[in-house]
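Coordinate-derived values only; no laboratory data. Predicted model only: the values in this text are computed from it and were never measured. In this analysis, Cβ positions are derived from the backbone assuming ideal geometry, glycine residues included, and neighbour counts consider all displayed protein chains.
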Amino acid sequence: MMQQFKVFTLMAGLTALLVVLGAYFAGQQGAILFFIIAAVMNFGMYWFSDKVVLRMYKAKIIGPEDAPELYRMVDELRQRAGLPMPVVALAPSEQPNAFATGRNHKKAVVCVTAGLMQLVDRRELEGVIAHELAHIKHYHMLVSTIAATMAGAIALLASVARWGAILGGGRNGDRNPIALIVMSIIAPLAAMIVQMGISRANEFQADRTGAQIAGSPDGLASALQRLESAARRIPMEVNPAAAQLAIVNPLAGVRGQSFSKLFRTHPPTEDRIARLRELRGTLG
């Protein structure tokens with residue numbers, strides 16, 4: 001409940017930021033126009049996310065005959081979660097990781113990498129799969145898409161305002177150009193910080209729900225520790241746009257990825273593990 005409230009609060013803040021900055025930079029009609037442009041771009045990705053993301057990860061859809069134990073595990077856990085059977089896929093990457101995508105419960109995909117299957121034991125794999133099913137259960141793909149749409153609209157607005165200030169034209173011509181340029185730089189950063197905050201809150205929520213689905217937080221906690229270490233050693237070639245879908249940041253080992261905590265798509269793994277261990281008593 002706390003994570004849901006946090007996401008709601010962050011989304012409300014992002015909405016307010018869009019409304020206020022939109023009215024300031026481009027007026028109400030301009031703000032609506034840029035929101036529509038960002039919505040078309042992001043919801044196209046959302047609607048075809050299952051196909052697009054599988055292509056990004058070079059993943060192949062598998063059936064019960066291809067990996068019977070994995071398929072059976074997903075089936076058992078999705079029943080505990082009260083979900084339809086998702087598409088199961090396997091990505092060839094040696095980096096141990098997993099992700100879930102899809103626009104709704106009936107169009108969901110759970111994908112694991114070859115490296116994950118080689119690294120973790122059954123209990124850890126259950127924890128990882130349960131975490132991904134939790135993302136599906138809470139419609140996190142939809143939440144992330146809405147957040148990306150608003151952040152994208154703010155970025156477009158800021159870009160137009162910045163060039164308007166530089167060129168000295170448009171509705172911003174009577175305003176302080178230096179102030180407009182500064183605001184046009186700060187606004188997208190603020191929107192990105194809020195967007196990344198939503199992404200981190202989703203991960204904490206999926207950890208908690210995943211532990212409930214699996215029946216214990218221990219498997220997921222153990223898996224996260226091993227996956228984080230491996231992600232720093234084993235690179236993965238993946239579009240950064242799809243990185244936030246993975247259970248741990250697949251670009252963790254890439255130089256330049258040690259961002260401030262505010263700009264991380266995933267919470268620090270040690271924080272996630274600590275919260276999971278706190279659940280031991282509550283889950284019996």
Note to self: With the crude spin-label approximation of a point 7 Å out along Cα→Cβ, what separation in nm comes out for Ala67 versus Ile36?
What the structure shows: 4.3
Note to self: Given points 7 Å out from each Cα along the Cα-Cβ axis, report the Gln118 to Lys60 separation in nanometres with one decimal.
What the structure shows: 1.6
Next item on the list: List Val120, Val53 from most exposed to least, where exposure is judged by having the fewest other Cβ atoms within 10 Å.
Entry: Val120, Val53
Next item on the list: Evaluate the distance, in nm, between pseudo-label points positioned 7 Å from the Cα of Phe48 and of Arg233 along their respective Cα→Cβ axes.
Entry: 3.8
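Grab the Cα-Cα distance for Ala179 and Met85, subtract it from 0.36 nm times how many residues apart they are, and report the gain in nm with one decimal. If you can, show how the numbers build up before the last one.
Working: separation 94, 0.36 × 94 = 33.84 nm, distance 5.28 nm.
Extra length available between Ala179 and Met85 comes to 28.6 nm.
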Notebook entry, point to check: Of the listed peptides 59-68, 202-211, what is their order by residue-averaged count of other C-beta atoms within 10 Å, with the highest listed first?
Noted result: 202-211, 59-68
